Structure formats: structure tokens, C-alpha cells
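K.L.:
Mind having a look at this structure? Questions to follow.
The values are calculated or read from the model by the stated rules, or taken from the named source; none is laboratory data. For clarity, every value in this text was computed on a predicted model and none was experimentally measured. Glycine gets a Cβ as well: all are built from the backbone with ideal geometry, and neighbour counts include every protein chain shown. Only protein heavy atoms, including side chains, enter the accessible area calculation; ligands, DNA and RNA are left aside. Shrake-Rupley method; radii C 1.70, N 1.55, O 1.52, S 1.80 Å.
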Amino acid sequence: MVFKPPYWFHKNIKFAEKDIAYLKSELSQLSPYEGQNKTSFIFRQEERPEMLFAQRYSEIVEDITKTCGIFHLSTFGWSFWSQLYGKGHYHQPHNHASVGSEDFDADISFVHFLDIPEQKCFRFTDMLGNVFYPEEQSSGDIICFPSWVWHEALPMETDQQRLVVSGNLKFTHFDNLKQFRKTHPLDTI
């Protein structure tokens with residue numbers, strides 16, 4: 001049996017090179033892990049240069065929920081953050097489901113590979129030694145997966161930088177069929 005976790009390719013969406021360069025430059029200056037081999041990301045909103053993309057990610061998240069067929073049936077919140085990897089940087093195996101933090105109590109997670117070297121660092125794992133590398137790890141690719149799926153980023157082997165934006169969606173309400181029909185009668189669909 002081959003290990004293949006549930007995930008899907010959403011789209012390939014590239015951002016302007018000047019915006020990518022700006023984000024890399026800002027994140028390089030903010031790294032809280034000086035001298036450590038961990039990815040560089042910041043959760044203090046006032047220091048987050050990726051907020052430049054907030055409107056774009058709002059549209060991407062809306063599109064993800066429409067693609068899943070749940071946009072009109074649910075309410076949800078979402079969050080996103082950037083990660084800049086240099087040589088040797090990694091992110092240990094983790095998931096984003098029910099780990100005690102509001103940002104990491106999610107239903108759907110996504111990764112947007114903004115600027116990626118050839119090395120595929122992202123992989124899914126089942127924590128028993130089985131791993132799966134999604135093919136969709138080119139610059140601009142967005143993949144989505146259930147937040148309970150374990151994943152990690154292996155250490156970068158090149159001197160190139162790797163820039164990704166990750167995010168979570170948390171559903172706060174789902175309409176049942178009766179509620180949905182009140183606002184969406186069959187003759188309006």
C-alpha cells in the first residue's frame with residue numbers, strides 16, 4: 001500500500017517579482033531564529049510584511065471554499081503567515097488541528113509556494129516513516145489539505161531561499177438543508 005494523504009491542487013497563482021523580493025527582504029530582517037536552522041516566520045501582526053497580500057489571500061480563501069462547494073453553506077475564519085527558508089532551514093512534522101491555539105485549530109490548511117527552488121522540501125508524513133511529496137511544488141502552486149494531516153519541510157540543501165505562505169480555514173457554522181433552503185429556494189439555484 002502506498003501512503004497518499006488527502007490533499008488537492010488548488011491553482012497556480014504567481015505574485016509580482018517585486019512583491020516577492022520585498023517580502024523576502026523584510027522577512028530576512030525579522031528572523032527570530034538567528035543562528036538556528038528553523039524557518040523564519042512571525043506571528044505578531046504589526047511585524048508581518050505578508051499583510052501586503054491580505055486582500056489577495058481573502059480572494060484565494062473564498063475561491064478555495066467555493067471549489068469545495070461550502071462557501072454558501074458556511075461561515076469561516078482564516079489566517080495566513082509567511083515562511084522564509086534558507087540553507088539548512090526546516091519545519092518539524094506538525095499538523096494544524098486542535099493543538100490548543102486559535103491559529104492552529106483548523107479544518108482546511110493550505111500552502112502557497114511563492115518562490116521555490118528545484119528542491120522539493122514539503123512533504124506529508126504519517127509519523128511512522130511513510131512520506132509523500134506532492135508533485136505540485138512549483139512557484140505559484142497552491143495545495144490544500146485537511147488540517148489534521150501531518151506535514152513538514154525538510155532542510156534546504158541549496159543557498160537559494162524558499163518562500164511560502166501557509167494558511168488555515170476554520171469553519172464556525174454550517175447550514176443544514178432546512179436552513180439553506182430558507183435562503184436559497186430551489187427556484188433560485
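K.L.:
Yes or no: segment 90-99 includes at least one residue that is at pLDDT 95 or above, open to solvent by less than 20 Å² (accessible area, probe 1.4 Å) and touching a Phe, Trp or Tyr at 6+ places or on another chain (Cβ under 8 Å).
P.N.:
no
K.L.:
So which residues in segment 5-42 are part of a loop (DSSP other than H, G, I, E, B) and modelled with pLDDT of 80 or more, if there are any at all?
P.N.:
5, 6, 7, 13, 14, 15, 16
K.L.:
Let me ask another. Exactly one of these conditions fails for residue 75: (1) touching a residue at least 60 places away in the same chain (Cβ under 8 Å); (2) open to solvent by less than 10 Å² (accessible area, probe 1.4 Å). Give me its number.
P.N.:
(2)
K.L.:
What tally of residues in segment 142-160 results from selecting those that are outside any strand (DSSP E or B) and touching an Asp or Glu at 6+ places or on another chain (Cβ under 7 Å)?
P.N.:
2
K.L.:
Whether any residue in segment 45-53 is at pLDDT 85 or above, part of a loop (DSSP other than H, G, I, E, B) and farther than 22 Å from residue 152 by Cα is what I want to check.
P.N.:
No, that holds for no residue.
K.L.:
For segment 145-168: of the residues being hydrophobic (A, V, I, L, M, F, W, C) and farther than 18 Å from residue 54 by Cα, which is surrounded by the most Cβ atoms within 10 Å (Cβ to Cβ)?
P.N.:
For segment 145-168, the residue satisfying everything is 153.
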